[in-house]
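S.K.: The structure that follows is given in the form of structure tokens.
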Amino acid sequence: MKLRVVALAVVLSLVASACGGSSGDDGPASSSSTTAGDGDAVTTTQGSNPSGVSALEVAYSDGLSNDDPRFPTPGIDVDRLLFGLPGPDLIPAIDDPVLTPASELGAWLEPAEAVVFVERNGDARAYPVRVLMNHEIVNDVVGDDPITVTYCPLCNSALAFVREVNGIETTFGVSGMLFNSSLVMYDRLTQSLWLHFTGEAVVGDRTGDQLERVSAGLVSWEGFVEAHPDGLVLDPPNRDRYGRNPYAGSGFGGSAYDTLASEPFLFNGTTDPRSESMRRVVGVVRDGDAHAWTITTLQGGLGTVTAGEVGDDPVVVLWSPGQASALAGETVATGRDVGTAGVFSPVVDGAPATFSVDTEGGFVDDITGTTWNVLGEAVAGPLEGSTLERIPHLDTFWFAWSSFQPETLLTTPSGTIPAETTSE
């Protein structure tokens, strides 16, 4: 009962804030025109599910079943879906994002507060977490490609995907359901259910389909605007409605959600004992192999360089201080400094490279002497203007990462720990 009361209080707070700002469609089976920040309208076809049955509607009416003959076999145990809301779209996705150049935004955002950084075909954009906290999904057009930017505050996970289903452009909405405490989305073309954490359709006509992932990461506002002063920033009406952290206060033991003493919220999975459930990690998946590094492994001084491998692929993790946790203070801008991480292929000018941190917090490669920032962008030296190959990563909590990637390696300050193995 206590869990339900706390959940209801948080949900009501989110809905009240979200409904006062930018809103989404009127319903899941409508036709909409999504407007990007440059004013170009993109018409999308909605509500065309081949089976004639909506998994979203079944979830809220008859109830989902693992053996419903109308759908392919679900990709998850549907009995583990939690209904965080009494219906879809009560947390409204933003379908008509208003965007402002970073240099013209004024003093609305604080230097250390988190934004989701997405770059596609040279088009760099920032989506403030203070806004995503209340909307969770933004359907946008980035670099001329239809993109869905998503953020789940319960897992502190930000991911972006190409919003095409079976080759057809569509938009995504908030289903009101959770799996492993993570946002479950639905597409407005077939109303199938998708896991935000993996981009996989798990219930409905498109079960088994995988969205194309777009590199996205949590960075500080200051870091974004320094690198991309002309980049576009999500700038909703009624700015003053955003900024408070709803995941703080009496519902979380009198403190914020992002503390080691906290517990995963609305989570019915099994926790992995290799680390604390709420420990922050940076996770990477490559060709089915997963590896996570705890933030405490990465943090230090003006910045750090951590070389590693994910499967057979070498990677380098760069970390810089200066980003506030959106979930550790009364507001999204006042949490403790957790810094910014970026994951890249350690190849410069066609050769394997080693990086070091200079006296100003830049990252210098030993091949060309070029200085790079934590976004993987060359800011000085022979390769200025170029970019390292970004490897998609996820900043999240250990409970969430290990729930979706149970076989992951985990690197801590004490070393790398494999998943627990059992003998046959």
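Every read-out reported here was derived from the displayed coordinates using simple, explicitly stated rules and does not represent laboratory data. All values derive from a computational prediction rather than experimental measurement. A quick note on method: Cβ atoms are made from the backbone with ideal geometry, for glycine too, and the neighbour counts reach across all protein chains shown.
S.K.: Looking at Trp398, Val343, Ala353, which one has the Cα that reaches farthest to the positive end of the dipole of the range 343-406 (charges on Cβ: Lys, Arg +1; Asp, Glu -1)?
M.R.: Trp398
S.K.: While we're here: Give a residue-ordered list of calculated ³J(HN,Hα) values for the range 349-362 (Karplus: 6.51 cos²θ - 1.76 cosθ + 1.60, θ = phi - 60°; whole Hz; x for Gly, Pro).
M.R.: 6, x, 10, x, 10, 10, 10, 9, 9, 8, 6, 10, x, x
S.K.: Can I ask one more? Which value in deg cm²/dmol, rounded to the nearest 500, describes the helix-derived mean residue ellipticity at 222 nm for the chain, given -39,500 (n - 2.57) per DSSP H run of n ≥ 4 and division by the residue count?
M.R.: Rounded to the nearest 500, the figure is -3000 deg cm²/dmol.
S.K.: I want to verify a result. In a Gaussian network model of the chain, Cα cutoff 10 Å, which of these has the top mean-square fluctuation: Gly335, Gly362, Gly269?
M.R.: Among Gly335, Gly362, Gly269, the largest GNM mean-square fluctuation belongs to Gly269.
S.K.: Taking θ = phi - 60°, what integer Hz values does the Karplus form 6.51 cos²θ - 1.76 cosθ + 1.60 yield along the range 217-234, in sequence order, with x for Gly and Pro?
M.R.: Values, residue by residue: x, 7, 9, 6, 4, 4, x, 5, 5, 5, 7, 9, x, 9, x, 8, 10, 4 Hz.
S.K.: Related question: Can you list residues from other chains, or at least 5 along the same chain, whose modelled amide H is less than 5 Å from the amide H of Gly176?
M.R.: Those lying under 5 Å, H to H, from Gly176 are Asp89, Val184.
S.K.: Rounded, prolate or oblate, given the Cα gyration tensor of the range 260-417, with a/c below 1.5 counting as rounded?
M.R.: oblate
S.K.: Would you work out the charge dipole size for the chain about its Cα centre, treating the Cβ of every Lys and Arg as +1 and the Cβ of every Asp and Glu as -1, and quote it to the nearest 20 debye?
M.R.: In total the dipole reaches around 1340 debye.
S.K.: Here's something else I'd like to know. From the square roots a ≥ b ≥ c of the eigenvalues of the alpha-carbon gyration tensor of the range 181-271, which class results: rounded (a/c under 1.5), prolate (a/b over b/c), or oblate?
M.R.: Numbers: a/c = 1.94, a/b = 1.12, b/c = 1.73.
The shape class here is oblate.
S.K.: Would you work out which of Gly63, Ile76, Val202 lies farthest towards the positive end of the dipole of the chain? Charges go on Cβ: Lys and Arg +1, Asp and Glu -1.
M.R.: Result: Gly63.
S.K.: Sticking with this one: Just Ser262, Ser182, Ser192 to compare: in a GNM of the chain, with alpha carbon springs under 10 Å, which one fluctuates most?
M.R.: Checking each option, the largest mean-square fluctuation is seen for Ser262.
S.K.: Another question about this same structure. Using a cut-off of 10 Å between beta-carbons, work out the net charge of the residues near Pro392 (Lys and Arg +1, Asp and Glu -1, Pro392 not included). Can you show the working numbers first?
M.R.: On the way: positive: Arg213, Arg286, Arg390; negative: none.
My count for the surroundings of Pro392 gives +3.
S.K.: If amide H atoms are built 1.01 Å from N in the plane of the peptide, which residues on other chains or at least 5 residues away come under 5 Å of the amide H of Val202?
M.R.: Leu193, Trp194, Leu195, Gly208
S.K.: Just to confirm the number: angle between the C-alpha axis of helix 2-19 and the first principal axis of the chain, 0 to 90 degrees, nearest 10?
M.R.: Roughly 80 degrees between the two axes.
S.K.: For the chain, with a Gaussian network of springs between Cα atoms less than 10 Å apart, report the residue from Pro146, Pro346, Pro382 with the top mean-square fluctuation.
M.R.: Comparing Pro146, Pro346, Pro382 in a Gaussian network model of the chain, the most mobile one is Pro382.
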